[in-house]
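Trainee: One structure follows; several queries about it will come next.
The values are calculated or read from the model by the stated rules, or taken from the named source; none is laboratory data. Quick caveat, the model's predicted, so the values are computed rather than measured. Here the Cβ is made from the backbone with ideal geometry for all residues, glycine too, and neighbour counts use every protein chain on show.
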């Protein structure tokens, strides 16, 4: 579904050239849930933006559904760390924004999408809030609206950039359960960036570990814990904890290696 | 802890207090004219001013209408020209660098210095007054609109990009809407300046308008008439300002809560 071949990204910063990503080869299968973890500054958000077509890679090839990425695609949605809702628009109207941008809302199309928007809001438990303005909602509810907005175009691929990181722990657990449920119902391919190891393990079919500066693929870990998974259920805690510990090791290990490299 | 007083919380008090303040000021003024027995041509009492107005209300109101029209026309013209100008400035860095210093320069010129020139160029009619109002209003409107559009959060801009929105959509669906509260801040500054602009223009080579009336009353030492005209000017200014505040509440109801 998503293919990255020898992708690299170099930024010309004020302090010279910074290599954000180097030699990334990654193949995400259709309907797969991949999480990207790494320390801050390892280029995981950059990687997501390359797939989204928000940023052209310095070298290498990025392809979605077999086509090279040249810009944002209609069947790829992007979800941000913050809800990014337009403050003057109602919940429903925020969800409908992508359709409005498409301009393809004939009377029939609008009706179909409107129904879809209502269905999505129901899916995340926001029925009855359609006409509210964003500032009237809690952070978790706002992020749910944002989730609905990213689903309205029926995307094949969802790219999520630490979407739950600004939320409190409880809301975060709730939302990650909801996301798994939605994923099972709608069958989309998801690439999810996070800096929380537990979150990465609970959500993913595969966890991709990136090393920082320059961002490289460190390891890809398969997660075979049966779904639906939850941090709130004992049954999964041991397995999640075991894998988390291993990932912890991986992330910490290259930190010491980086220190060695500096010493040499 | 002390309970918050009725005076700070009640909506009735919010309306009542300004009226009390105004009445107090007028009472003081009145008292001063009586106690110090000030000559009417130096400082007329409030009753003198009201009497002057009632002597020939049609005359003053007609001149008020003239000033009002000039002010509003110039103000609207400034919006019509200023908002697109801001849009261009935000859109193009080259244009911003090209035009911005020029705008600053024009804004730095004391407008009263141009008033006679405008008369030379455009005669004694309404046009030079409208242009004067346009000149004083243009800058604050352009600046506030441009600032507002530039302050659009990066993630919202990126969102629209990720949705493959066109530049036009980005401006109309996002930047312009996002700038609305700041545009209104600029408009409120501009409307007060607009009234000043029209009066300045009427001081020089005019045959009607409140500025003209004040000028004439100065020549004949009719201080009460000048005060009546000034009072009408302030009332006009207040009405225009609160008209904008009302419009803001109607158009940007989301802004009060989120900022």
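Trainee: Please find, within segment A:19-65, the residue that is nearest to the other protein chains (Cβ to nearest Cβ) out of those that are farther than 23 Å from residue A:250 by Cβ and part of a strand (DSSP E or B).
Mentor: A:64
Trainee: Quick check, is residue A:142 surrounded by fewer than 21 Cβ atoms within 10 Å (Cβ to Cβ), in a helix (DSSP H, G or I) and modelled with pLDDT of 85 or more? Spell out the reasoning first.
Mentor: Numbers: surrounded by fewer than 21 Cβ atoms within 10 Å (Cβ to Cβ): no; in a helix (DSSP H, G or I): yes; modelled with pLDDT of 85 or more: yes.
No.
Trainee: Given the criterion more than 21 Å from residue B:163 (Cβ to Cβ) and crowded, with 19+ Cβ neighbours inside 10 Å, identify the matching residue among A:202, A:193. Please lay out each step first, then the result.
Mentor: On the way: A:193 fails: more than 21 Å from residue B:163 (Cβ to Cβ).
Testing whether each residue is more than 21 Å from residue B:163 (Cβ to Cβ) and crowded, with 19+ Cβ neighbours inside 10 Å leaves just A:202.
Trainee: Only one of A:83, A:87 is surrounded by fewer than 21 Cβ atoms within 10 Å (Cβ to Cβ) and under 27 Å from residue B:171 (Cβ atoms); which?
Mentor: After ruling out the rest, the residue left standing is A:87.
Trainee: Is it the case that some residue within segment B:173-184 is more than 14 Å from chain A (Cβ to nearest Cβ), in a helix (DSSP H, G or I) and modelled with pLDDT under 95?
Mentor: Scanning segment B:173-184 turns up no residue that is more than 14 Å from chain A (Cβ to nearest Cβ), in a helix (DSSP H, G or I) and modelled with pLDDT under 95.
Trainee: Report yes if residue B:247 is surrounded by fewer than 18 Cβ atoms within 10 Å (Cβ to Cβ), within 15 Å of the chain's Cα centre (by Cα) and more than 14 Å from chain A (Cβ to nearest Cβ), otherwise no.
Mentor: Here the answer is yes, as residue B:247 does meet what is asked.
Trainee: Which of the residues that make up segment A:2-37 are in contact with a strand residue (DSSP E or B) (Cβ under 7 Å, 6 or more places away or on another chain) and at positive phi? Explain how you work it out, then say what you get.
Mentor: Taking segment A:2-37 first, the residues in contact with a strand residue (DSSP E or B) (Cβ under 7 Å, 6 or more places away or on another chain) are A:2-11, A:17-28, A:30-37.
Hits for segment A:2-37 are A:6, A:23, A:31.
Trainee: Looking at (1) in contact with a helix residue (DSSP H, G or I) (Cβ under 6 Å, 6 or more places away or on another chain); (2) assigned to a helix (DSSP H, G or I); (3) surrounded by 19 or more Cβ atoms within 10 Å (Cβ to Cβ), find the lone condition where residue B:165 falls short.
Mentor: Here residue B:165 clears every test but (2).
Trainee: Which condition number does residue B:152 fail, the rest of (1) within 14 Å of chain A (Cβ to nearest Cβ); (2) assigned to a helix (DSSP H, G or I) being met?
Mentor: (2)
Trainee: Restricting to segment A:153-174, what's the tally of residues that are surrounded by 20 or more Cβ atoms within 10 Å (Cβ to Cβ), within 14 Å of chain B (Cβ to nearest Cβ) and assigned to a loop (DSSP other than H, G, I, E, B)?
Mentor: Total meeting the criteria: 3.
Trainee: A further question follows. Part of a helix (DSSP H, G or I) and under 23 Å from residue B:86 (Cα atoms): is that true of residue B:214 in this structure?
Mentor: no
Trainee: Another question, then. Could you check segment A:90-130 and list, in sequence order, the residues that are more than 24 Å from the chain's Cα centre (by Cα) and within 13 Å of chain B (Cβ to nearest Cβ)? Spell out the reasoning first.
Mentor: Going residue by residue through segment A:90-130, those that are more than 24 Å from the chain's Cα centre (by Cα) are A:90, A:103-112, A:114-115, A:127-130.
Answer for segment A:90-130, where residues must be more than 24 Å from the chain's Cα centre (by Cα) and within 13 Å of chain B (Cβ to nearest Cβ): A:90, A:103, A:104.
Trainee: Between B:145, B:207, which is on the phi < 0 side of the Ramachandran plot, crowded, with 23+ Cβ neighbours inside 10 Å and more than 14 Å from every other protein chain (Cβ to nearest Cβ)?
Mentor: After ruling out the rest, the residue left standing is B:145.
Trainee: Scan segment A:31-52 residue by residue and report those that are in contact with a helix residue (DSSP H, G or I) (Cβ under 8 Å, 6 or more places away or on another chain) and either under 24 Å from residue A:224 (Cα atoms) or surrounded by fewer than 23 Cβ atoms within 10 Å (Cβ to Cβ) (or both).
Mentor: Keep residues of segment A:31-52 that are in contact with a helix residue (DSSP H, G or I) (Cβ under 8 Å, 6 or more places away or on another chain), which gives A:33, A:35-39, A:52.
Result: A:33, A:35, A:36, A:37, A:38, A:39.
Trainee: Here is a further query. I need the full set of residues from segment B:217-230 which are surrounded by fewer than 17 Cβ atoms within 10 Å (Cβ to Cβ) and in a helix (DSSP H, G or I), in order please.
Mentor: Correct list: B:218, B:219, B:230.
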